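Here it is: the structure, laid out below.
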Amino acid sequence: MSLLARVPGSQADLVKRTVTDQIADKMAYMIVSGLLQPGDELPSERTLAETLHVSRETVRRAIASLAGRGMVEVSQGARTRVVGARGQTLAGGVGVLAALADKPVDEVAEARACVELQVVQMAAERIDEASLARLRALLAEQRAMVDDPVAFQISDREFHSIVYGACGNPLLRDFVCDLYDYALDYRRQALQREGAIARSVRDHEKVLEALARHDAAAARRAIGMHLDHVYATTVQEMRGRTRPRATRFR
């Protein structure tokens, strides 16, 4: 079974697939793309339900589906553990993401900045109250995730996806999501460093404050600062402790 061409969850997907199917495929995508890796312990059902904005029963059924695919292992009295992709690959439709694997980090970072700065600026102009409420809820959860990189990365993916979707252009949303997914294995390592998650949370606070004011210029500056941090810490993991070249995305 191949995964959906994109991380499921759009309104179009809701018409075609059950919510359980969407959440199962969303989590499968996280495993195949490298956001979740073998040996990772998933957050509790309650935490996943709050982060993904679904019921605990939906999360339970989605995990059962993943267990049936051999991608996770469910043990009574213990957290669900990621096993791996089990031969599943990203669908051919995710051409951009597949093509990014061999691209230099500077090239991808520059491309991401060009697109994401514009997307977030558009989001500031168009975001609705429902999306802002979701972002506030995710941010409140993230403040309690400073010692849980796996839970934070799942929440971080949701936070960025909602911001991207608020731009109102599905093509741009999908493209910048692909760029977000570049080098997630290194990003995971970076988030395990002391203070890394707390800094990302502070960045998210600034982004949300600007979005809530519908201040496009401030949103652009805030996401630019966040991308500076993502770039610097990702490159640090890729190149050891070698200082990355100075790059600013604002």
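The values are calculated or read from the model by the stated rules, or taken from the named source; none is laboratory data. Not measured: the values here are computed from a predicted model. Because the Cβ atoms are built from the backbone with ideal geometry, glycine has one as well, and the counts that use them run over all protein chains shown.
Before we move on, is residue 163 more than 22 Å from residue 28 (Cβ to Cβ), crowded, with 22+ Cβ neighbours inside 10 Å and assigned by TED's automatic domain parsing to the domain that holds residue 129?
When the stated conditions are applied, residue 163 passes them.
Where in region 104-209 are there helices (runs of 4 or more DSSP H), lying fully within it, with 3 or more residues that are within 19 Å of residue 224 (Cα to Cα) and acidic (Asp, Glu)?
Helices (runs of 4 or more DSSP H) meeting the threshold: 105-126.
Within region 55-71, can one find any residue that is closer than 20 Å to residue 138 by Cα, crowded, with 18+ Cβ neighbours inside 10 Å and modelled with pLDDT of 95 or more?
Looking for residues that are closer than 20 Å to residue 138 by Cα, crowded, with 18+ Cβ neighbours inside 10 Å and modelled with pLDDT of 95 or more, one finds at least one in region 55-71, hence yes.
Looking only at region 38-51, decide whether some residue is among the aliphatic types (A, V, I, L, M), modelled with pLDDT under 95 and surrounded by 21 or more Cβ atoms within 10 Å (Cβ to Cβ).
No, that holds for no residue.
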